[in-house]
Structures are given as C-alpha cells and as structure tokens.
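Only the coordinates and a few stated rules stand behind these numbers; no lab work does. Predicted, not measured: the structure shown is a model, and the values here were computed from it. Using ideal geometry, Cβ is built from the backbone for each residue, glycine included, and neighbour counts are taken over all protein chains shown.
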Amino acid sequence: MLERNRIEQERLFPPSGFSWAATIDGGRFERLIYDLLECEPGVLEVRGVGAAREGDDGRDLIVRWVTPPMPAEVTVQGSSPMRERTIIVQCKARARSVGRSDLGSGVLDTIYKYEADGYFLATSSQPAVSTLDLLEVIKRRGDYFTGWWSRAELELRLRRNPQVLKRFDDIVQVLP
C-alpha cells in the first residue's frame with residue numbers, strides 16, 4: 001500500500017524542481033544519504049562510521065548491497081548472478097565538483113584497507129570528470145563495484161521518496 005501511495009504521489013504531484021542550501025552540514029548530508037540508501041533496491045543494511053567531523057579515513061557509511069555481476073565476474077548457470085557486496089560509501093557535501101584529491105587516500109586504497117567489495121560516492125554537487133574516469137576504470141576492470149550519486153541522482157531519489165525529502169528541508173526544498 002505504501003509503495004502504491006508513493007507511485008501515485010510521484011506521478012500525480014511530481015516536484016517541479018529543488019532548491020539546495022548554500023552550505024550543507026556534513027553530518028546531515030550523511031544522514032540524507034543513509035536514508036536514501038535504505039530506500040534503494042537491493043540494500044540489505046546501512047551502517048554509519050563515527051561522527052561526521054570525526055576522522056573516518058574515507059568511509060562515511062558501510063552498505064551491504066546486492067548488485068549485478070561485475071564485467072569480469074564469472075556467473076554460474078542456474079544460480080542468481082546477483083551478489084551481496086560490502087560497499088564503502090563516501091559522502092561529500094560540496095558546492096564545487098568533487099575531484100580525485102577530495103577522496104583522501106584514494107578509492108582503491110580505501111577498498112583494500114577495509115577489504116570491501118566496492119566504493120560509492122555521494123555528492124551534493126557532482127564528481128569531477130577525473131573522478132568519474134577513475135570510478136569507471138575500476139568498474140570496467142571488473143574487480144570492484146563502483147558507483148556515484150550526483151545532485152541529479154539525489155533529486156531523482158528524493159522525487160521517489162518524498163518521506164525522506166520532508167526530513168531534510170534544511171538541505172533541500174521543493175520549489176513551488
């Protein structure tokens with residue numbers, strides 16, 4: 001029933017646009033991403049890693065997520081190609097694009113250090129081209145899952161999950 005209400009609201013009363021706060025509290029932004037991830041298909045668990053201003057060494061959230069196979073993964077016929085992965089999520093509340101230098105010690109270093117199966121970037125702006133290129137190369141090689149949400153992907157998910165949007169009006173609001 002809840003899903004039906006969400007779909008009806010999305011189709012009958014879609015938000016026309018969004019207005020984002022000029023400055024965004026990092027802790028609140030992490031919580032927004034946490035809540036949106038909980039709504040995402042295939043996400044089994046989301047866990048926070050310390051306080052927002054505490055050193056987290058490149059990981060804000062840890063997600064157990066069922067995802068499709070990577071390009072180099074071998075799938076066994078007759079079994080599901082989907083695989084549960086542990087994904088490190090880094091959240092960046094920035095006005096400017098997120099470059100590779102903003103990712104701390106680096107994506108692969110973070111994956112290796114925490115023995116994760118992948119890396120996911122969520123930003124209130126957008127990843128720089130160099131960041132996107134890096135994430136795509138890692139994904140194409142097939143060893144690790146990578147992904148990202150920029151402002152456009154966040155707005156899409158906020159349209160789909162108005163209950164989340166209501167809780168974060170200090171970060172983002174629907175335009176009249």
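Would you check which residues across the stretch 80-111 are assigned to a strand (DSSP E or B) and not acidic (Asp, Glu) and list them?
ARG83, ARG85, THR86, ILE87, ILE88, VAL89, GLN90, CYS91, LYS92, VAL98 - these are the residues of the stretch 80-111 that are assigned to a strand (DSSP E or B) and not acidic (Asp, Glu).
Which of the residues that make up the stretch 117-147 are more than 17 Å from GLU84 (Cα to Cα), in contact with a strand residue (DSSP E or B) (Cβ under 7 Å, 6 or more places away or on another chain) and surrounded by fewer than 18 Cβ atoms within 10 Å (Cβ to Cβ)?
Of everything in the stretch 117-147, those that are more than 17 Å from GLU84 (Cα to Cα), in contact with a strand residue (DSSP E or B) (Cβ under 7 Å, 6 or more places away or on another chain) and surrounded by fewer than 18 Cβ atoms within 10 Å (Cβ to Cβ) turn out to be SER125, ALA128.
Would you pick out the residues in the stretch 129-176 that are among the acidic types (Asp, Glu) and under 15 Å from the mean Cα position of the chain (by Cα)?
GLU153, GLU155
Filter the stretch 142-174 down to residues that are in contact (Cβ under 8 Å) with a residue 40 or more places away in the chain and of a type in the set (Phe, Trp, Tyr) and give me whichever is farthest from PHE120 (Cα to Cα).
Ranking the qualifying residues of the stretch 142-174, first place goes to PHE168.
Could you check the stretch 112-176 for helices (runs of 4 or more DSSP H) lying wholly inside it with 2 or more residues that are farther than 17 Å from TYR34 by Cβ?
Answer list for the stretch 112-176: 129-141, 151-160.
Can you tell me which residues in the stretch 93-111 are surrounded by fewer than 18 Cβ atoms within 10 Å (Cβ to Cβ) and touching a Gly at 6+ places or on another chain (Cβ under 9 Å)?
ARG100, GLY104, SER105, GLY106, ASP109
Go through (1) over 15 Å from the mean Cα position of the chain (by Cα); (2) in a helix (DSSP H, G or I) and name the single condition TYR34 misses.
(1)
Taking GLN77 and the conditions (1) within 18 Å of the chain's Cα centre (by Cα); (2) without any contact (Cβ under 8 Å) to a residue 60 or more places away in the chain, which numbered condition does it fall short on, given that it satisfies the others?
All conditions pass for GLN77, except number (1).
Of the residues TYR34, TYR114, which is among the aromatic types (Phe, Trp, Tyr), surrounded by fewer than 17 Cβ atoms within 10 Å (Cβ to Cβ), on the phi < 0 side of the Ramachandran plot and out of contact with any helix residue (DSSP H, G or I) (no Cβ under 7 Å at 6 or more places or on another chain)?
Criteria check complete, one pass: TYR114.
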